[in-house]
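The values are calculated or read from the model by the stated rules, or taken from the named source; none is laboratory data. Everything numeric in this text was worked out from a predicted model, so none of it was measured. In this analysis, Cβ positions are derived from the backbone assuming ideal geometry, glycine residues included, and neighbour counts consider all displayed protein chains.
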Amino acid sequence: MSPQETKAEQTPTVSTESVLDMESSPPRDATEEELQELPRIVDRIPLAAWAAALVGATERFSYYAVLAVWQNYMQHERGFRAVPGALGLGQSTATSISNSFFVFSFLTPMLFAIVSDMWLGRYKTLILALCLLICGNTVMFATSLPVALESGAGVPGLALSMVLIALGIGGIKSTMSPFIGDQYPQQKPRVVRQKNGDLAIVDGPRTIQFIYNAFYWFTNIASLSAIPATFLEREFDFWSAYLMAAASLLVSLGVLLGLKSRLVKVVPHEGVLPKAIKALSMAARNGFRLDHAKAAYQLQKTGHGVPWDDSFIDELKTGLVACRVIFSFAFFYLCITQVYNNLISQAGQMNLHGIPNDMIQAMAAVGCVVFGPIIQALYNALAQRRIHFGPMARITTAFMIAGGGMAYAAGLQKLIYSSGPCLDAPLACAASENGRVPNDVNVWLQTPIYVAMAIAEIFGLVTASEYSYEKAPSGMRGVVQAVVQLSACLGALMGMAMSPGARDPYLVVVYASLAGVMVVCSGAFWCVFRKYNGGARVGCQGVGE
């Protein structure tokens, strides 16, 4: 990152590679031969990057504390069943509302990305987003109090809080990932001597990958807030979980304000997005070829110059490739959203053995925390041996594993429908004693689903964040990151379309269909995008947003 792009001084750094011996052997630029032969290692990580990751993790703590209890809050009646409830809207309606919230929250990042990249900058946009989230969680807390529910404030409060929270999430999603990447000033590959005497290359892309891996790992630790939230819901009522969520956001805001002078703040690029739109429009009018928007072609054809150079068009082409890759995640996100609605309902149909039905979803975060470092060690080993495992291969692997998770969910649902007392009408027959006796299947049988989805996220979602940051033009990183959320929006829209069928006794078909779609997506994605697999460096992901 060049000095004119930032408003902050260089922050202190914390060594992530204790094996470096930079004092006795200062870094130097790598030669072409060294670039081909030497292993690549991670650079020192600026303290500002760790602080930004902490802010993002704290925000995720709040998000998952709210999300974990929303399905029960909406679906079940208050004080009627063994499963906690408040509004009594039913599973299909609750799932539809949940998917509507996801759709809105996935659309808002594009608005905030434009505001961030062209006007406020990422730091101020994050401040605004956190304020919106604090307001939304405060409304959720106030309207979930027993006195508010009895007075009919539950549904209006839910609607208002969902709007505010979705807006806040839009600001976070469009800016947090590029903001974290901004904290590391990338340099040319440098040769350093490790303390064991061997030479290695300090590699910027691998360092960015490590930072995003660490951030993803932090956020998954933070997402374990679902565990205390569900116990608070069961023991004290929903308002206590929402109060915890609101309080954690104050910590995020405090860290961001307290470290203001030490954070790197990229100056908004007022002209980049309009230039990109104009270039794309010009390309569309000239055979849909971006090369036709270059200065030489336009000068020859029209006699007029253009307000950009050829390197800008080349960056834009690379960014568009990243957008195409990211849009392929739509069905993957559809599978991910099952964790927050239908799989929670599935758990409610099983023997809970003393745990809340919406707590078991925390196993996804536990899986990320456990398997993240293992996969990071795998990538490090591959990098040391110069074995290439590029981004397209990682994403294809993620799609296949997600499909396997959905296939297991279909099999588990079939087992539930084959068990008493209610067979394919869990909690709805007379033998369930008004919804108090579930079908006789142990809820911990769900664990492999969440482990599979966790590993799929490590391979897929972290790759999407890194790839979108690396390939986007520097002044459009917020916009390209927002495209990630648009693909998630498509997944949520498909979830809304299938929500009428997301009810007993059709759930086996729902999960089996998702499994089949992911198998097809895996093959199609690899066939289309494998030519881009060599564009990233070896060992580009790991560590469990």
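The lone criterion from (1) on the phi > 0 side of the Ramachandran plot; (2) in contact with a Phe, Trp or Tyr (Cβ under 6 Å, 6 or more places away or on another chain) left unmet by Gly121 is number (2). When each of Leu280, Leu253, Leu299, Leu257 is tested for being within 22 Å of Ser468 (Cβ to Cβ) and out of contact with any Lys or Arg (no Cβ under 8 Å at 6 or more places or on another chain), the lone residue that passes is Leu280.
Helices (runs of 4 or more DSSP H) wholly in segment 294-367 with at least 2 residues that are within 19 Å of Phe529 (Cβ to Cβ), assigned by TED's automatic domain parsing to the domain that holds Ser92 and not acidic (Asp, Glu) - which ones? Write out each step before concluding.
Working: elements: 295-302, 310-327, 330-337, 342-348.
Passing ranges, in order: 310-327, 330-337.
Here's the yes/no breakdown for (1) within 30 Å of Phe61 (Cβ to Cβ); (2) of a type outside the set (Val, Ile, Thr):
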residue: Leu250; (1), (2): yes, yes
residue: Ser261; (1), (2): yes, yes
residue: Val264; (1), (2): yes, no
residue: Val267; (1), (2): no, no
residue: Ser281; (1), (2): no, yes
residue: His292; (1), (2): no, yes
residue: His304; (1), (2): no, yes
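Quick check: is even one residue across segment 436-453 touching a Cys at 6+ places or on another chain (Cβ under 8 Å), part of a helix (DSSP H, G or I) and of a type outside the set (Lys, Arg)? Yes, segment 436-453 has at least one match.
Does any residue of segment 175-182 turn out to be among the hydroxyl-bearing types (Ser, Thr, Tyr), assigned to a helix (DSSP H, G or I), under 23 Å from Ile375 (Cα atoms) and touching an Asp or Glu at 6+ places or on another chain (Cβ under 7 Å)?
Our first condition is that a residue be among the hydroxyl-bearing types (Ser, Thr, Tyr); within segment 175-182, this holds for 175, 177.
Okay, now just the ones that are also assigned to a helix (DSSP H, G or I), so 175, 177.
Okay, now just the ones that are also under 23 Å from Ile375 (Cα atoms), so 177.
Keeping just the survivors that are touching an Asp or Glu at 6+ places or on another chain (Cβ under 7 Å) gives none.
No, there is no match, as no residue in segment 175-182 is among the hydroxyl-bearing types (Ser, Thr, Tyr), assigned to a helix (DSSP H, G or I), under 23 Å from Ile375 (Cα atoms) and touching an Asp or Glu at 6+ places or on another chain (Cβ under 7 Å).
For Ala364, the requirement of being buried (at least 17 other Cβ atoms within 10 Å of the Cβ) and at pLDDT below 80 is not met.
Would you tally the residues in segment 382-417 being among the charged types (D, E, K, R), over 23 Å from the mean Cα position of the chain (by Cα) and either surrounded by 21 or more Cβ atoms within 10 Å (Cβ to Cβ) or not in a helix (DSSP H, G or I) (or both)? So that I can check it myself, show each step before the final result.
So in segment 382-417, the residues among the charged types (D, E, K, R) come out as 385-386, 394, 414.
Next, only the ones that are over 23 Å from the mean Cα position of the chain (by Cα) stay: 385-386, 414.
Filter once more, so that each one left must be either surrounded by 21 or more Cβ atoms within 10 Å (Cβ to Cβ) or not in a helix (DSSP H, G or I) (or both): 385-386.
Result for segment 382-417: 2.
Residues in segment 94-119 that are more than 17 Å from Ile344 (Cα to Cα) and surrounded by 22 or more Cβ atoms within 10 Å (Cβ to Cβ) were compared, and the one that is modelled with the lowest pLDDT is Asp117. Just one residue in the set Arg190, Arg234 is among the charged types (D, E, K, R), assigned by TED's automatic domain parsing to the domain that holds Val55 and farther than 30 Å from Val339 by Cα; that residue is Arg190. Scanning segment 499-527 for residues that are within 19 Å of Gln349 (Cα to Cα) and part of a helix (DSSP H, G or I) yields Ser499, Pro500, Gly501, Leu507, Val508, Val509, Val510, Tyr511, Ala512. Cβ separations smaller than 8 Å between residues 6+ apart or across chains give the following pairs from segment 504-525 residues that are surrounded by 19 or more Cβ atoms within 10 Å (Cβ to Cβ) to residues that are not in a helix (DSSP H, G or I): Asp504/Asp424; Asp504/Ala425; Asp504/Pro426; Asp504/Ala428; Val510/Ala502; Cys521/Ser328; Phe525/Ser328. Residues considered: Ile165, Ile134. Of these, the only one that is buried (at least 24 other Cβ atoms within 10 Å of the Cβ) and either at pLDDT 90 or above or of a type in the set (D, E, K, R) (or both) is Ile165. For segment 314-338, filtering for residues that are farther than 14 Å from Gly460 by Cβ, surrounded by 23 or more Cβ atoms within 10 Å (Cβ to Cβ) and of a type in the set (Val, Ile, Thr) leaves 0.
Within segment 492-520, which residues are within 15 Å of Leu334 (Cβ to Cβ) and either basic (Lys, Arg) or touching a Cys at 6+ places or on another chain (Cβ under 8 Å) (or both)? Result: Leu514, Met518. Is one or more of the residues making up segment 221-243 within 22 Å of the chain's Cα centre (by Cα), within 25 Å of Lys124 (Cα to Cα) and not in a helix (DSSP H, G or I)? Checked segment 221-243: no residue is within 22 Å of the chain's Cα centre (by Cα), within 25 Å of Lys124 (Cα to Cα) and not in a helix (DSSP H, G or I). For segment 321-364, the set of residues classified as closer than 21 Å to Ala515 by Cα and among the small types (Gly, Ala, Ser) consists of Ser328, Ala330, Ser345, Ala347, Ala364, listed by residue number.
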